[in-house]
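A.B. asks: Let me give you the structure first, and then I'll get to my questions.
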Amino acid sequence: MSRIHEALKRAEQERAASQIAPKNDRQAENAVVSSVIEAAPPVSNSLPKAVVPHAAAVQIETESVLNPIHFEELWGKCSQRKWRPDPNLVVFENENPFFTGAEQFRTLRSRLYRMRESQPLQTILISSAIPAEGKTLVSTNLAYALVRQRGCRVLLVDADLRSPRVHTLLGAPSAPGLADYLQNTATEFEVTQRAKEEGFCFIPAGNHVTHPSELISSDRMKQFLDRVRPAFDWIVIDSPPALPVADASVLGGLVDGVLFVVRASSTPSEASQKACKELRDAHILGVVLNNAEESTGYNSYYSGSTYGNSSDGAKK
């Protein structure tokens with residue numbers, strides 16, 4: 001865990017030293033992650049099963065993990081919606097192949113593949129301590145980076161049922177989605193959208209619900225992951241921040257690993273350390289330092305080259 005604390009300390013130092021006045025929301029959204037994963041040693045991946053209050057429990061449809069969904073079936077039955085990704089936020093949709101941040105996401109992808117050689121790693125949760133750290137941008141662009149590997153099948157899931165934003169970056173419909181499936185009002189095929197890229201699927205958060213914690217904690221959430229897991233090489237899940245609500249902690253116990261996003265020059269180190277404690281029962285893969293200066297530290301290789309210029313990390 002020492003390397004994680006070093007990354008958090010670095011973020012805190014940049015925040016304290018920052019003399020730059022706050023930018024408006026749009027300027028902040030137009031930037032991308034400018035640092036990559038700082039690997040952490042494996043930790044326990046167990047999490048006590050959350051209890052769903054009886055009054056809020058949803059109807060559970062019996063689904064056997066022995067009857068998984070096959071990719072060909074899902075790809076053929078899911079909806080093909082027209083997406084309009086924001087090229088300033090989805091870096092791989094930009095006409096410039098070396099647009100700011102693209103190479104960093106390729107590096108992040110490579111590090112995940114290296115980790116995969118020594119441990120099971122298929123389902124990845126992206127979270128942060130507080131809102132506006134860049135987790136949604138990281139989730140979306142990581143999924144795009146992964147699906148660019150030939151023959152790779154990737155599922156991107158927006159599990160932030162409280163404040164979903166992945167569909168905004170993709171320019172995709174927001175419903176039906178995960179919340180509708182968890183309430184047993186829609187099937188996997190009805191909530192899944194397919195991209196123009198072969199093998200890339202997306203499940204939005206869905207319609208607004210008043211009891212997101214109960215849905216995330218339900219058996220149906222685990223059953224959902226068990227059923228779709230065989231169909232994909234990677235499943236990337238965008239979650240709510242870890243400190244305001246318990247959803248990230250619950251989801252952390254259902255996945256193979258967690259990537260923790262920290263916004264440089266912004267996130268208080270005490271908040272990040274507290275969030276890591278909230279996720280102590282999850283397998284924290286490492287930290288993605290967002291909005292870091294490219295001219296400093298291990299990422300300085302990219303500055304002043306064809307890999308792009310530094311800019312601020314996108315919020316959320």
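A.B. asks: Under the rule of at least 5 residues apart or a separate chain, name every residue whose amide H is placed under 5 Å from the amide H of Asn207.
C.D. replies: Gly177, Ala179, Asp180
A.B. asks: Let me ask another. Accessible area of the range 54-201 with a 1.4 Å probe: how many percent of it is carbon plus sulfur?
C.D. replies: 49 percent
A.B. asks: On to the next question. Evaluate the distance, in nm, between pseudo-label points positioned 7 Å from the Cα of Arg280 and of Lys82 along their respective Cα→Cβ axes.
C.D. replies: 5.2 nm
A.B. asks: Among Leu161, Met115, Leu125, whose Cα projects farthest towards the positive end of the dipole of the range 65-169, with charges put on the beta-carbon of Lys, Arg (+1) and Asp, Glu (-1)?
C.D. replies: Met115
A.B. asks: Go ahead and collect, in residue order, the members of the range 217-233 whose backbone nitrogen is under 16 Å from a label point 7 Å along the Cα-Cβ direction of Asn184.
C.D. replies: Within reach of a label on Asn184: 217-224.
A.B. asks: Hey, got the dipole for the range 85-169? About the Cα centre, +1 on K and R Cβ, -1 on D and E Cβ, debye to the nearest 20?
C.D. replies: 380 debye
A.B. asks: Using mean Cβ contacts within 10 Å as the protection proxy, how do 197-203, 284-290, 267-273 order, highest first?
C.D. replies: Order by mean packing, descending: 284-290, 197-203, 267-273.
The values are calculated or read from the model by the stated rules, or taken from the named source; none is laboratory data. Owing to the predicted nature of the structure, the values given are computational and were not obtained by experimental measurement. Virtual Cβ from ideal backbone geometry, glycine too; neighbours counted across all protein chains shown. Just so you know, the surface numbers come from the protein's heavy atoms only, side chains and all, with ligands and any DNA or RNA stripped out. Shrake-Rupley method; radii C 1.70, N 1.55, O 1.52, S 1.80 Å.
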